[in-house]
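J.: Shown below is the structure under consideration.
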Amino acid sequence: MINGTVLVQSVIAPSREGDNYATHEARWGRGGYRTVEDIAERNAIPTRRREAGMLVFVEEDGITYMLDHDLVTWLDFRLVLANLVRPHMPPPPPDGDDPPDAGFCLQCGINLTGATICGETGSSGSLSVSDCPNGLPILN
């Protein structure tokens, strides 16, 4: 048990809708929004506390990240807001099935000159380039 806390074994709620008291500390909740010290702490968020679309502010780099549907990929939320990156959020699989491939999609017509695509140390993956629906060239 964590010192200074109450053990919870069911869903908690305030005493009434308009109650001013919080139901929990963000760091112990599932999904939502939270603040962490660094990328290592962000990446250490347990899977059972992750939820697609959750936001995490990392103090070390000053960036807010959004968790993609695969519950592993973190998107720079500034790019999501600027509509430069779209989260790939396929519907969740039926219980017991493996999650579908997930990732992100760069909007068509974006100039990525000098861009670097990187991942965590030891990660692997692929970059797919496909036709843009608006007919713009893929690469110049």
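J.: Are any residues in region 14-27 surrounded by 11 or more Cβ atoms within 10 Å (Cβ to Cβ) and over 16 Å from Leu55 (Cβ atoms), and if so, which ones?
T.: Within region 14-27, Pro14, Thr23, His24 qualify.
J.: For Gly32, only one of the following conditions fails: (1) of a type outside the set (S, T, N, Q); (2) surrounded by 15 or more Cβ atoms within 10 Å (Cβ to Cβ); (3) within 12 Å of the chain's Cα centre (by Cα). What is its number?
T.: (2)
J.: Anything in region 6-60 that is closer than 24 Å to Leu71 by Cα and among the aliphatic types (A, V, I, L, M)? List them, or say none.
T.: Scanning region 6-60 gives Val11, Ala26, Val36, Ile39, Ala40, Ala44, Ile45, Ala52, Met54, Leu55, Val56, Val58.
J.: Taking region 35-78 as the region of interest, how many residues are closer than 25 Å to Ser10 by Cβ and either surrounded by 12 or more Cβ atoms within 10 Å (Cβ to Cβ) or in contact with a strand residue (DSSP E or B) (Cβ under 8 Å, 6 or more places away or on another chain) (or both)?
T.: Residues in region 35-78 being closer than 25 Å to Ser10 by Cβ and either surrounded by 12 or more Cβ atoms within 10 Å (Cβ to Cβ) or in contact with a strand residue (DSSP E or B) (Cβ under 8 Å, 6 or more places away or on another chain) (or both): 8 in total.
J.: Could you list all residues from region 46-56 that are out of contact with any helix residue (DSSP H, G or I) (no Cβ under 9 Å at 6 or more places or on another chain) and hydrophobic (A, V, I, L, M, F, W, C)?
T.: If the condition is that a residue be out of contact with any helix residue (DSSP H, G or I) (no Cβ under 9 Å at 6 or more places or on another chain) and hydrophobic (A, V, I, L, M, F, W, C), then Ala52, Met54 are the ones that fit.
Any read-out appearing in this document is the output of simple, stated calculations on the displayed coordinates, not a laboratory observation. In this text, all values refer to a predicted model and were calculated from it rather than measured experimentally. Note that each Cβ is placed from the backbone with ideal geometry, even for glycine, and that neighbours are counted across all protein chains shown.
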